[in-house]
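Read through the structure below, which is laid out as structure tokens, and then see the notes.
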Amino acid sequence: MLIWILLIIAGLLEPCWVIALEKSNKLKNLKWTLVTAVTMFGSLFFLSLVMKEIPVGMAYAIWTGIGAIGTLVGGMILYKEPVTYLRIMFILFIVIGIVGIHLTAGL
């Protein structure tokens, strides 16, 4: 169970560094550049721990999916990116894909 929590943490740190990277003004703002580096390192560190226990393909796919969803939602909230029914539907497809990967891992 702990390994899945670590994977979720790794995935949630991914949009944090992406958003911090955007806020860093092309790495010119030291505070946001440091936030970018720390959250990027944390995300990859936790992902590396997870990949010791979970197959690399599944871990990476779930990590990427969580990061993509987090970045999309973060963009909608922080930057007023469009929230449309189609965007929500495709985000749900990512969620369905993540659940499907998890459920079929033992097959």
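Worth a mention:
- For the range 61-107, the candidate set comprises residues that are modelled with pLDDT of 95 or more and of a type in the set (S, T, N, Q); within that set, the residue that is nearest to Leu21 (Cα to Cα) is Thr71.
- Tabulated pairs, the range 1-16, first closer than 19 Å to Thr33 by Cα, second in a helix (DSSP H, G or I) and among the charged types (D, E, K, R), C-beta under 6 angstrom, 6+ apart or interchain: none
- Residue list for the range 1-18, filter: surrounded by fewer than 19 Cβ atoms within 10 Å (Cβ to Cβ) and either small (Gly, Ala, Ser) or not in a helix (DSSP H, G or I) (or both): Met1
- Only residues that are of a type in the set (A, V, I, L, M, F, W, C) and either surrounded by 13 or more Cβ atoms within 10 Å (Cβ to Cβ) or over 17 Å from the mean Cα position of the chain (by Cα) (or both) were counted in the range 75-87, giving 3.
- Unique match (being without any contact (Cβ under 8 Å) to a residue 24 or more places away in the chain, closer than 18 Å to Gly11 by Cβ and surrounded by fewer than 16 Cβ atoms within 10 Å (Cβ to Cβ)) among Leu34, Leu21, Leu72, Leu92: Leu92
- Residue in the range 45-57 that is assigned to a loop (DSSP other than H, G, I, E, B), crowded, with 16+ Cβ neighbours inside 10 Å and touching a residue at least 40 places away in the same chain (Cβ under 8 Å) present: yes
- No other residue among Met58, Met40, Met51 is within 16 Å of the chain's Cα centre (by Cα), among the aliphatic types (A, V, I, L, M) and modelled with pLDDT under 95 apart from Met58.
The values are calculated or read from the model by the stated rules, or taken from the named source; none is laboratory data. Because the structure is predicted, anything quoted here is derived from the model rather than measured. Here Cβ is always computed from backbone atoms with ideal geometry, including for glycine, and neighbour counts include all displayed protein chains.
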